[in-house]
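Notes for the one structure printed next.
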Amino acid sequence: VEYYLKNIEDHKYLNAFLEVYTEEAQETAKKVDVKIKEGTAGPLAGLVVSIKDVLCHLDHGLQASSKILEGFQSQFNGTAVQRLIDADAIIIGRTNCDEFAMGSSNENSAFGPVLNAIDNERVPGGSSGGAAVSVQADMCLVALGSDTGGSVRQPAAFCGVIGLKPTYSRISRHGLMAYASSFDCIGLLAKNVDSIAATLEVIAGKDDYDSTVSQKPVPHYSQNLTPDSEYKIAYIRETMEAEGINEEVKAKTVEAIEKLKSNGHQVDAVDFPLLDYLLATYYILTTAEASSNLSRYDGVKYGFRSPHTHDLESMYKKSRSEGFGHEVKTRIMLGTFVLSASYYDAYYTKAQKVRRMIRDETKKILSKYDFIVLPTSPTTAFKLGEHSEDPLEMYLADLFTVQSSVSGLPTISIPNGKDNGGLPIGLQIVSDDFQEEKILAFSNYLI
Ligand code: GLN
């Protein structure tokens, strides 16, 4: 704990943490130490974890990096957080992120951007930018983030760490603030696969507080990290020809593919003609869900209320106008539009149908192959401000991560070398529903 606290202090300028629980972490460490000596400690005894500012942690601040939740404190522990505590992990603080997890650069936070520790002029990725940097700069061992369309994997790639998004419903969403409920997953970041496996097996699994969570038993991921000797792997031809893919990212992905072949694995190119529909489908459906989920922040129940109001309607309007940031407001408007009576069928219903096609096509590939490999992001970490003017350019950063989110499939980003400027590149591995065990063993083999 002292080691990580010192690193947090030394790296304050990175703005990764919104709050550090110094004394509480020291106290917990002492208690856990006693339990270890007594032989009564839980399976994650002493594991130092950071949690993203979207996870409910009893009597601790919770703002989704938004002004609209100013001063708000959580009144309960989310399931994942409760299981960490019960397993004797030590929560060291809560991390900065894009407001309500909407973004790909962590520049949408009401508390300012997080800086990439490798190059302070560059973004760490988003929305779990603080989580990724907390692992990157050794400020904790494991970080819990959330991944709706890539928010754990893309920052992991930009920061040179590992980021896992499990199958949708593998981990309870109770106590995870909702962005787009049919996509939202808690994700895990660390520098090694073992830490992710050990944490996942504690926090995953059935839960009475989330009716959508899977009832499937949770395997002992950490004890099953031995890879098979031969895998069947697919890569999507279209991803390698996608507009905007950086040449060095492409070259490293090809290198990884060639290495897999020379190690005796079967690697084939497959077609996925729906690539062009991924971002539209993702952004129509997630903004629709977000516009509904975020209607609860009305200035009455939580956090911020505008002081400039004179009646009920102006209180709603002004609290929301002043409390939400620009990107969140854009998405609420987009989502309200696609759900409006005259456009519902043209956009929302259509996107739901395309979502099904994307999942079916992806699963068809996975019925013949163990994994699909692809770059995590078309580029390496970009400069702060580089894409702030043009939201479409920013949304392109998610091109490769949304396929598995739209499909609900498990996927991981692992480090795959660096570009000539020393910036990390990520390789993404997707597998079929509930194949986390296989993904983790394969990642362990590749790293
Ligand atoms: N960048 C994507 C978005 O802005 C993904 C965010 C996420 O996974 N939370 O929606």
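The values are calculated or read from the model by the stated rules, or taken from the named source; none is laboratory data. Because the structure is a prediction, the values reported are computed rather than measured. With ideal geometry, Cβ positions are generated from the backbone for all residues, glycine too; neighbour counts draw on all protein chains shown.
A few points about this structure:
- Among helices (runs of 4 or more DSSP H) entirely within segment 100-206, having at least 1 residues that are of a type in the set (K, R), in contact with an Asp or Glu (Cβ under 7 Å, 6 or more places away or on another chain) and closer than 22 Å to D398 by Cβ singles out 153-159.
- Count of residues meeting criterion [within 23 Å of the chain's Cα centre (by Cα), surrounded by 14 or more Cβ atoms within 10 Å (Cβ to Cβ) and under 30 Å from E70 (Cβ atoms)] in segment 311-358: 10
- Check on F382, within 16 Å of the ligand (Cβ to nearest atom), buried (at least 18 other Cβ atoms within 10 Å of the Cβ) and assigned by TED's automatic domain parsing to the domain that holds A197: yes
- Some residue of segment 44-55 being without any contact (Cβ under 8 Å) to a residue 60 or more places away in the chain and exposed (fewer than 14 other Cβ atoms within 10 Å of the Cβ): no
- The criterion of at least 3 residues that are not polar (S, T, N, Q) is met by the following helices (runs of 4 or more DSSP H) wholly inside segment 331-447: 350-368, 391-396, 436-446.
- Candidates V300, V328, filtered to the one that is among the aliphatic types (A, V, I, L, M) and closer than 17 Å to S109 by Cα: V328
- Only one entry in T286, T212, T309 is in contact with a Lys or Arg (Cβ under 6 Å, 6 or more places away or on another chain), among the hydroxyl-bearing types (S, T, Y) and more than 30 Å from G421 (Cβ to Cβ), namely T309.
- Out of K31, K35, sole residue that is farther than 20 Å from P155 by Cβ, of a type in the set (D, E, K, R) and in contact (Cβ under 8 Å) with a residue 40 or more places away in the chain: K35
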